[in-house]
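Here is the structure we will look at, set down as structure tokens.
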Amino acid sequence: MLQGSDAPTASDTAGLTFFHGTSVYFAQEIARGGSNEKFLANIGAFALGKQIVIGLSRIANVKQGNWLPSSAFPCATDSDLSLVSNALWVDSSFQYGAFFATLNFENAKLYATHGSEYLRAIRAGLRLLGSVGASFLEGASSTLRELLLSPHEPAVVEIKGISRDRLYGTKEAPSIEQTLQSYQKYKNDPGVRMPWAVRISSRP
């Protein structure tokens with residue numbers, strides 16, 4: 001379980017419990033370093049993502065920011081195209097510089113069953129690139145190759161002690177106040193299942 005160092009603020013979010021769905025491997029790294037983003041950067045995952053984007057742009061002949069055309073990848077699955085387009089191509093959430101979490105344990109558990117969205121997008125991008133993707137994988141760090149090729153083991157990280165000034169909304173729910181109010185209103189209602197997703201910054 002991660003512990004934030006901030007004391008409770010007036011809105012007292014430090015008493016809330018947040019959850020982050022991930023893998024056993026990443027859970028261990030998060031416990032050591034507090035964020036999987038730094039770890040992904042250190043093992044070259046973001047650099048490989050950029051390589052994949054450049055390779056795909058040459059094949060598809062479109063600029064980043066436009067959806068990848070399925071006509072350029074006739075053997076690709078809709079799932080792979082969607083993953084790459086959302087996580088690497090159009091508007092990457094991994095550029096926010098914040099840690100994603102949720103107040104809904106079930107949502108975190110569901111996310112954990114699939115594993116890191118960014119790594120899944122990299123795997124999909126490598127598949128789309130075919131032999132070029134295989135060469136990219138060969139040039140990746142040994143740690144990154146191991147993560148991409150190993151079976152996924154789901155885990156949920158519990159996070160407490162996060163002050164209000166470290167919480168931000170998401171692209172889907174930009175107002176953190178509305179998210180917190182919704183949680184307080186419906187948290188004990190079994191008929192309501194909301195994502196209650198937030199971004200947690202490394203510092204205020």
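The values are calculated or read from the model by the stated rules, or taken from the named source; none is laboratory data. Since this is a predicted model, take the numbers as computed values, not measurements. So basically every Cβ, Gly included, is an ideal-geometry build from the backbone, and we count neighbours across all protein chains shown.
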Seminar exercise, completed: Over the stretch 170-201, the set of residues touching a Gly at 6+ places or on another chain (Cβ under 7 Å) and in a loop (DSSP other than H, G, I, E, B) is S175
Problem set entry | Subset of the stretch 93-118 (residues that are modelled with pLDDT under 85 and of a type outside the set (S, T, Y)) | F94, Q95, G97, A98, F99, G115, E117
Problem set entry | Residue that is surrounded by the most Cβ atoms within 10 Å (Cβ to Cβ), among those in the stretch 165-183 that are farther than 12 Å from F100 by Cα and of a type in the set (V, I, T) | T179
Exercise. Of the conditions (1) closer than 23 Å to S79 by Cα; (2) crowded, with 16+ Cβ neighbours inside 10 Å, S135 fails just one. Which one is it?
Worked result: (2)
Exercise. Restricting the first residue to the stretch 125-138 and requiring it to be closer than 17 Å to S57 by Cβ, which pairs with a second residue that is at pLDDT below 95 and among the basic types (K, R) meet a Cβ separation below 7 Å and a spacing of at least six or different chains?
Worked result: G133/R127
For this session: Of all residues in the stretch 151-178, count the ones that are out of contact with any helix residue (DSSP H, G or I) (no Cβ under 6 Å at 6 or more places or on another chain) and free of Cβ contacts under 8 Å to residues at least 60 places away in the same chain.
Result: 7
Problem set entry | Inter-residue pairs, beta-carbon under 8 Å, first over 17 Å from G21 (Cβ atoms) and in the stretch 183-201, second β-branched (V, I, T), 6+ apart | Y186/V192
Exercise. Do we have any residue at all in the stretch 184-194 that's modelled with pLDDT of 90 or more and either closer than 23 Å to I52 by Cβ or buried (at least 17 other Cβ atoms within 10 Å of the Cβ) (or both)?
Worked result: no
Problem set entry | the stretch 34-92, subset within 16 Å of the chain's Cα centre (by Cα) and at positive phi, residue modelled with the lowest pLDDT | G34
